[in-house]
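Working notes for the structure below.
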Amino acid sequence: MGFYSRLSFEEREEISRALAAGESLRSIARTLDRCVSAISRECRRDGRTRWSYRAGEAQREAFGTAHAARKPRKLEKNLPLRAYVLAKLQQEWSPHQIAKRIREDYPGDATMRICQETIYQYLYVLPRGELKRELLKGLRQKPRYRRKRQVLEETARLRKIPGMISIEERPAEVADRSVPGHWEGDLIVGPHHRSALGTLVERQTRLVLLVPLKQKDMISVREAFAKAIRRLPARMAKSMTYDQGTEMRDHKQFTLDTNVTVYFAHPHSPWERGTCENTNGLLRQYFPKGTDFNRVSLDQIRHAEKRLNTRPRAVLNWRTPSEAIHQLLR
């Protein structure tokens, strides 16, 4: 039996004649090389019975159903809702974020409700063109899988950071995110490790600070991170969790400059800095793999920082990091 296709008028005539002759549905199905269920549905559609089935009437009804006008999609008939959704998509919000945040922005308006699946369906049926490309930018990338790395004992010994404080000594208030002011830090590295961008993420509010770097040596990184931290209120700068990258070998001077204690995660344990790892993944939407950060302008960096900080987050009950931090500082 081949792929399913609609019954033809000739098949409906055969069904009508066979029913009049008293043949069973199974016999008709074998003759037409169709499923019994398909013949049964055809005979009982729209309240008909096998005794009242007529081929001409069934053909007219089937043709009318197939050519009936499509029901307008929700985003086609609700213009304010469509304007809201398109505006947020152009800000790189995901459909999930839009569907959750609209309830906060329009708490008493039942017409301003939409599920993420409806947004996805609307996007995928759009005709190809600039608008579709622009809107699809808000959809997240597919997950990238990490490759396992093996580090020789001698290399690990040379990379050892003097005087580092283990993540195991981090206070409980850092681990449970009960107090703001604790950060995670990392670098996004360009091709051939010749350029980099620093990332700092506050663990409670998920606020992102992007740190431009002229070089990725330990002095340049320490000075740039310290400059970013010093712009913060004192109660928002308490600690930073970092991996064991050699760019943070100067952590003792960093602590003297900022009064921020640095805790180091275990080797090859990115989940211990999951907030920063997740943020780095989101940043690849703006700075894809292979980006040379020496050619990225400060305006581009601040644009990406603003976009991330004005996206609603599920973990913040669909507030944005900017809203969360402003509420803390009031």
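Summary of computed values
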| read-out | value |
| --- | --- |
| Under 11 Å, Cβ to Cβ, from LEU187 - net charge with Lys/Arg +1 and Asp/Glu -1 | -2 |
| Peptide ranges 101-111, 260-270, 219-229 listed from the most packed, as the mean C-beta count within 10 angstrom indicates | 219-229, 260-270, 101-111 |
| Residue pairs, from the table LYS74/LYS289; LYS238/LYS289; LYS160/LYS227, whose Cα atoms sit over 27 Å apart | LYS74/LYS289; LYS238/LYS289 |
| Translational diffusion of region 276-330, µm² s⁻¹ [Kirkwood Rh, Cα pairs; Stokes-Einstein; 37 °C; 0.692 mPa s] | 263 |
| Calculated log₁₀ intensity ratio I(q)/I(0) where the Debye formula runs over C-alpha points of region 165-223, q = 0.17, 0.19, 0.27, 0.29 Å⁻¹ | -0.67, -0.78, -1.04, -1.11 |
| Orientation-averaged projected area, Cα convex hull of region 192-330 (nm²) | 8.4 |
| Extension gain from ARG231 to ASN278, taking 0.36 nm per residue of separation minus the Cα-Cα distance | 14.5 nm |
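The numbers here are math on the coordinates, done by the rules we state, and not lab data. No experiment lies behind these values; they were computed from the predicted model shown. Positions of Cβ are generated from backbone atoms using ideal geometry, with glycine treated the same way; all protein chains shown enter the neighbour counts.
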